[in-house]
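See below for the structure under consideration.
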Protein chains: 2
Amino acid sequence: MRIFKEAKAEAASVAGTAAPKAVKMYTRLDVAEHDSIEKRVWCSYKENVYDVTDFLDNHPGGRDLLLLAAGKDIEPFWRLYQAHVNSDVAMEMLKTLKIGELDLEKEPKVDVDETDPYKNDPERHPALKCHSAKPANMEPPLSLLRREYLTPSSLWFVRNHSPVPIIDAATHEITIVSGEQSQDNLNLLRTKAVINLEHLKKDFEKKTVVATVQCGGNRRGGLDLIKKSSGTGWGEGAISTAKFAGASLRDVLEVHAGINLHNYERLGIKHVIFYGADDMRASIPIEKALSPFGDVLFAYEMNDCEELPRDHGYPLRVIVPGHVGVRNVKWLSKIKLCSEEADGPWNRGIAYKGFGPSYSSVEGLNIDSVPTMQEMPIQSDVAEAENISLSLATTSKNDDGEKRTVVQTSAKGFAWSGGGRAIIRVDVSANKGLSWQTATLKEGSDQPLSKAWAWTFWEIDDLEIDASKLKPGDEIKVLVKAVDASYNAQPEGAAAIWNLRGLNNNNWHAFTVKVEE
Amino acid sequence: MRIFKEAKAEAASVAGTAAPKAVKMYTRLDVAEHDSIEKRVWCSYKENVYDVTDFLDNHPGGRDLLLLAAGKDIEPFWRLYQAHVNSDVAMEMLKTLKIGELDLEKEPKVDVDETDPYKNDPERHPALKCHSAKPANMEPPLSLLRREYLTPSSLWFVRNHSPVPIIDAATHEITIVSGEQSQDNLNLLRTKAVINLEHLKKDFEKKTVVATVQCGGNRRGGLDLIKKSSGTGWGEGAISTAKFAGASLRDVLEVHAGINLHNYERLGIKHVIFYGADDMRASIPIEKALSPFGDVLFAYEMNDCEELPRDHGYPLRVIVPGHVGVRNVKWLSKIKLCSEEADGPWNRGIAYKGFGPSYSSVEGLNIDSVPTMQEMPIQSDVAEAENISLSLATTSKNDDGEKRTVVQTSAKGFAWSGGGRAIIRVDVSANKGLSWQTATLKEGSDQPLSKAWAWTFWEIDDLEIDASKLKPGDEIKVLVKAVDASYNAQPEGAAAIWNLRGLNNNNWHAFTVKVEE
């Protein structure tokens, strides 16, 4: 995996001007080895090397955030948070921590393997945890996900199946065809429709959707603790949120294919299949595509940036709000209107089908008997929670007049449900679910109840814990579960929802905090 | 509660012709006292009294079904199952069991209290369990619910708030008005629209919807075992399914109010409020009302019968498929298009709002912070399961070559989810959830994945149980949990979903079976 290296030349030697002339020289490997407090925490910025260990507790964004850059170049992290570059303060602080410089001549030359199909993949943010580099399967840490409502594009989870296609947006064409399933359908499109990006931008109203996209295998790692399932062992980070802009699929189908709510049934159309330039294909039901409340988008912008990042579908992807990630086909090249769902693993295979928890092999399974995933179930996560300080414990009386020693902690997270079902309540517990406190819903809580395509942030400041039996060094689990507008609840444990493909893990999420003096 | 008594005169003396001339005479009270096997099981039919105890095990429909009529008049039960009246077989069997006749002169005269507002309530089926007679809150037993896909209208759960209104269908009018919430809205309807049943039947296409309707408090009794919540302690029977026919709300709003998908937002309409002649009122979001996939109906027929039963809204009710029972307003008298949801307990009060499990009083609750119920979550029930016969145990080897003594049982039930989300899988366990077997989906499993308004029946014939430690007299719980098309799962226990109002209990359902020799 290559990392960001877009340093602007004029900024290259700003840092470190106060350092002595005879500087100690290090390689990037030396820096990489210093990636923990025990080994001292080093970072590089431009050609300078810093020891930030003693600064950790003074970092305005918190020590955990700075630790994400331990052993790494700090620039991609600074780029996420404008505070670092909007003033000289961060640079001034950093200067004092300089311990040397990078010996760029000693950098090992990376030979590009010209036969590597992945050689043109884009650089990725160093904060992403890499499950697989080829193809890219990477996820951001939970703590970064909860910092901004719209996930910075560079922090979005990446779930590719192949090398990232190289597409020339100026000449890229998207064809719309119809399947040959029935007599009526044969002449559905007199001529094959061909559209390009210019058409989409000029001929259609630019619509905006803020949507959370989650991989079907998000939190698979939690299922794997019960029993190994098949697929990438994602943590909780295979979920991200962005503001997408583009043309409405509904509008495009009407204008370029003449398909609408009034004729689709007569024409026998039941599915819309999307094809990616990476040979991926996945379909959604036509009702989602044509619904006036479906909001399916051909997206060409992400987070107000005029282009999609290459990892996220440049130049055009589908956004199917409320549906599992795989339906949001990237690098869109073809659309097919069909009486059947897409063939291949992503619809008809087992990749997105959930079987009962006692079936641990495909043997004897009737794969056709279970429909593939489209909408996803209710989900929630604790992204941050504060360690517990026993020194802050207070004594109070409960309803029965008994004395209790209690301490409070705070926690933050997000919750989301598929199908546009808004999050209406988030419950948090620090005593294994014996009692629950309701969190405050924050950003995202004002979305329409049936079109809440994006997650809802939550926080709680006064989560109460019985401190009478706690001692320093103990660990406490902060649990979360959410309720959506259809009053769906999350299951308690992972065992009863375990499934062969490790899909849809949405049991109560736990975040461990430490008990301190 | 009065019971059915529509005996046809010509059939009155068919039964009992083989009995001796000097017959023993009993009162209905005598019959009612014989309502268990210990006390002998008696039933009456017309003026005859029968002891059916020795016939229980020979009853073609099973002993449990016949036991439902213990101590009661058998006619309303026979009327449910045409087999009894389609041939003479049932009557011939019954004759042999006659033990006497009803002394109708000794029947206590029931004085009608003319001041009782409930005096005109309709008769109800004796199989219904009565939680409250005034107003009627009654539910059928689970075993009857699973016998026919369309619940016979007389067995439908009844959840009334007041006496059943007396309405003359010929003169009954339904007004459509708009609220006075905004300037735009003021002149929404130039004149108040008034429609009647004749309009609805003649001017609009008759549409049919098979829908399951479930009370928000169904299975509240299960929550009350954790801690008493407020409201009727329903068992699992506050759920029923019927085929409804009527006019589409969407069509009526277009024709009589000029409201459609293209103008509702501009007009500021957000909710449709339904008013019942019983002073009930409840609203649904306008998007559900106008959606081409919403299927909201003004229903005037139920189960192919030309009239709705009085208990179920005669002459007109709303059917809001996929939404909680209370939105399906009965005895419809007025519709209001509004920018706000209905005032009163059923939308804005706590009656249909779910708070966290640790809030056991309304004190300090921000009622407005939680949206009222519309769509319901995934639900499933075991309606029948066979007792376990140890004599049928067999020995087999498991995957590790260990010997196991196993026995099989069978079970049947139903599953349903709100919002039209189809049931895609049902898991059954007889070992506390340690392992699960997938049931076979039966009637209802062919519904569209996103418009499955009615329940899905399921059954399993080979549910395996480790018999090595079982002994006669033991009890085993057969557990069920279902998965809907959005892959929502049911929570394991009731404690974490307990709520003040006892709503939405959908934890794993358990059915107890006995272990026999």
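Rounded, prolate or oblate: pick one for the stretch B:440-517, where a ≥ b ≥ c are the square roots of the eigenvalues of its C-alpha gyration tensor, a/c under 1.5 means rounded, and failing that, prolate if a/b is larger than b/c, else oblate. Mind showing how you got there, number by number?
Working: a/c = 2.89, a/b = 1.40, b/c = 2.06.
Judged from the Cα gyration tensor, the stretch B:440-517 comes out oblate (a/c at least 1.5, b/c at or above a/b).
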For B:LYS243 the rounded accessible area (nearest 10 Å², probe 1.4 Å, non-protein molecules ignored) is 60 Å²
Length gained, A:SER410-A:GLU307, 0.36 nm per residue minus C-alpha separation, equals 33.3 nm
So, in nm and shortest first, the distances from B:THR115 to its counterparts in the other copies, with label points 7 Å along Cα→Cβ, work out as 10.1
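Take the alpha-carbon positions of the stretch A:280-414, form their convex hull, and give its projected area averaged over all directions (one quarter of the hull surface) in nm². Before the final figure, lay out the partial values.
Values: hull surface 63.0 nm².
For the stretch A:280-414, the mean projected area of the Cα convex hull comes to 15.8 nm².
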PRE zone check, label point 7 Å out along Cα-to-Cβ of A:ARG79, amide N under 20 Å, scope the stretch A:153-176, hits A:153-160, A:164-167
Per the Cα gyration tensor, the stretch A:384-459 corresponds to an equivalent ellipsoid with semi-axes, largest first in Å, of 32, 14, 9
Note on the stretch B:408-422: residues buried by at least 30 Å² of accessible area once partner chains are added (vs chain on its own, 1.4 Å probe) come out as B:ARG421
Unit-weight point scatterers at every alpha-carbon of the stretch B:344-391, Debye formula, q = 0.16, 0.27 1/Å: log10 I(q)/I(0) is -0.60, -1.08
So, in nm and shortest first, the distances from B:VAL406 to its counterparts in the other copies, with label points 7 Å along Cα→Cβ, work out as 5.0
1/(1 + (r/R0)^6) with r = Cβ-Cβ of A:ASP474 and B:LYS129, R0 = 45 Å, i.e. FRET efficiency to nearest 0.05, evaluates to 0.35
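Nearest 100 Å² is fine: how much accessible area is buried between A and B, summed over both sides, with a 1.4 Å probe?
On the way: alone 24510 and 24490 Å², together 45700 Å².
Summing both chains' loss of accessible area gives about 3300 Å².
How big is the stretch A:254-293 by the Kirkwood estimate over distinct Cα pairs, in Å? Don't skip to the answer; put the middle values down first.
Details: mean 1/r = 0.0900 Å⁻¹.
One over the average 1/r among Cα pairs gives 11.1 Å for the stretch A:254-293.
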Shortest first and in nm, the label-point separations between A:ARG63 and its counterparts in the other identical copies (7 Å out along Cα→Cβ) come to 7.1
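Please give the charge dipole size of the protein assembly as shown, origin at the Cα centre, charges +1 on K and R Cβ atoms and -1 on D and E Cβ atoms. Round to the nearest 20 debye. Can you show the working numbers first?
On the way: 124 positive and 148 negative charges, 45 e Å.
Dipole of the protein assembly as shown, to the nearest 20 debye: 220 debye.
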Set B:LYS243/B:LYS481; A:LYS119/A:LYS353; B:LYS228/B:LYS330; B:LYS129/B:LYS330; A:LYS243/A:LYS412; B:LYS202/B:LYS270, cut-off 31 Å on Cα-Cα distance; pairs above it are A:LYS119/A:LYS353
Sorting B:HIS256, A:VAL41, B:TRP234 by the position of each Cα along the dipole of the protein assembly as shown (Lys, Arg +1; Asp, Glu -1; all at Cβ), the one nearest the positive end of that ordering is B:HIS256
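With the cut-off at 19 Å, report for the stretch B:222-353 the share of all Cα pairs above it, as a whole percent.
Working: 4592 of 8646 pairs.
Value for the stretch B:222-353 (Cα pairs over 19 Å): 53 percent.
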Length gained, B:LEU225-B:VAL112, 0.36 nm per residue minus C-alpha separation, equals 36.9 nm
Comparing each residue of the stretch B:274-318 in the complete protein assembly with the chain by itself (heavy atoms, probe 1.4 Å, ligands and nucleic acids ignored), those losing at least 20 Å² of accessible area are B:GLU287, B:PRO292, B:PHE293
For the protein assembly as shown, whose charge dipole is built from +1 on Lys and Arg Cβ atoms and -1 on Asp and Glu Cβ atoms, the candidate among A:ASN506, B:MET302, B:TYR149 with its Cα farthest towards the positive end is B:MET302
Carbon/sulfur accessible area of chain B, % of total, 1.4 Å probe, equals 48 percent
Per 20 angstrom bin, beginning at 0 and ending with the bin that holds the maximum distance, the Cα pairs of chain A fall in percents of 20, 49, 27, 4, 0
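Based on the inverse mean of 1/r over its pairs of different Cα atoms, what is the Kirkwood hydrodynamic radius of the stretch B:257-324, in Å? Numbers along the way, then the final one.
Numbers: mean 1/r = 0.0748 Å⁻¹.
Answer for the stretch B:257-324: a Kirkwood hydrodynamic radius of 13.4 Å.
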In nm, the gap between the two label points placed 7 Å beyond Cα toward Cβ at B:THR512 and B:ASP64 is 1.4 nm
Computed over the stretch A:98-141, the distribution of all Cα-Cα distances in 10 Å bins, rounded to whole %, is 21, 33, 36, 10, 0
Once normalised by the length of chain A, the mean sequence separation of its alpha carbon contacts under 8 Å that are 6 or more apart gives a contact order in percent of 12 percent
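Across every pair of different alpha-carbon atoms, what Kirkwood hydrodynamic radius in Å does the protein assembly as shown reach? Intermediate values should be presented prior to the final figure.
Working: mean 1/r = 0.0310 Å⁻¹.
Across the protein assembly as shown, the inverse of the average 1/r is 32.3 Å.
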Taking the alpha-carbon centre of each part, the distance from the stretch A:311-339 to the stretch B:431-458 in Å is 30 Å
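The values are calculated or read from the model by the stated rules, or taken from the named source; none is laboratory data. Please read these numbers as outputs of a predicted model, since none were measured by experiment. FYI the Cβ positions are ideal-geometry reconstructions off the backbone, even for glycines, and counts take in every protein chain you see. These area figures cover heavy atoms from the full protein model, side chains too; ligands, DNA and RNA do not enter into them. Shrake-Rupley method; radii C 1.70, N 1.55, O 1.52, S 1.80 Å.
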